[in-house]
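What follows is calculated from the coordinates using simple rules that are stated; it is not laboratory data. The shown structure was predicted, so the numbers you read here are calculated from the model rather than taken from an experiment. When we count neighbours, we look across all protein chains shown, and the Cβ atoms used for this are built from the backbone with ideal geometry, even at glycine.
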Amino acid sequence: MNTKNLTHVAFATATMLYAQYCAGQSNVVYYGVNSNALNVVFVDTNLSQKAQFAIVADLRICLKEWGKASELELGDAALGLVGYLENPERCVFYPEEIDFPKGIVNSPNGLALQIPRNLSDAYTNAFVALVSSNDFVNTLTPANISQYILEEGWEAKDYVEKFQESKEFFAEIKLFPPSVLGFRKSGLFPTSRKDLQLMLPGYLIYPDNPDPEWSGFPAIWHNGKWKIYSGDWY
């Protein structure tokens, strides 16, 4: 199966789980041989319910792969925690730079897996919401386009000179929010950059073709923000 199909399947899987999750289930993940239930709480108390649902659905995808061997270890924890969810190995869906959340706290509903704000922020990053919206192309200007794309070897003047070409390309694609399944360690793209990378699911828009051809569009974490990595792919 090629990268395009993998990305499509990953997005479809996450979407399916998200739909099932929104059918009335609470913020709970399952771990261990007996699929023990564990509540999930968020440091960011202002996180929308929709975002919470999406994050917990993704956490379940990860635990489904290796959570049978996970164990709850209480005591001897850092300040503010009461224990840890110890996992036998790093989740294959996370890059090496990111650990699956494991801090356990007391909550009104009992023990709970605490989701740090930096993790929830990664899911709700404004970049993702913007590039997935229908207004993305209309927000692009010669002055701001370098905030949203990264082209190998380009200088500031190149983004301005080639602005129209770049804008026309983005008018021809439809992007969707990524799942944690889309995150990869460095090396996913043909670049020497060691930044965190992900694939945004999406498709090219063909006016004469009602059946979209799904693909994965690369993005890279660069200088503290996500940017669509263009390389030489358009």
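Key figures
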{"read-out": "Residue pairs, from the table Lys64/Lys227; Lys64/Lys225; Lys102/Lys174; Lys68/Lys102; Lys50/Lys174, whose Cα atoms sit over 23 Å apart", "value": "Lys64/Lys227; Lys64/Lys225; Lys102/Lys174"}
{"read-out": "Chain lengthening between Lys102 and Asn138 when straightened (0.36 nm per residue, less Cα-Cα)", "value": "8.9 nm"}
{"read-out": "Long-range amide H partners of Ser70 with built H, under 5 Å", "value": "Gly32"}
{"read-out": "Computed FRET value (nearest 0.05) for Tyr206 with Asn118, which takes r as the C-beta separation and R₀ as 30 Å", "value": "0.20"}
{"read-out": "Pairwise label distance in nanometres, Asn46 with Val82, each label 7 Å out on the Cα-Cβ vector", "value": "2.8 nm"}
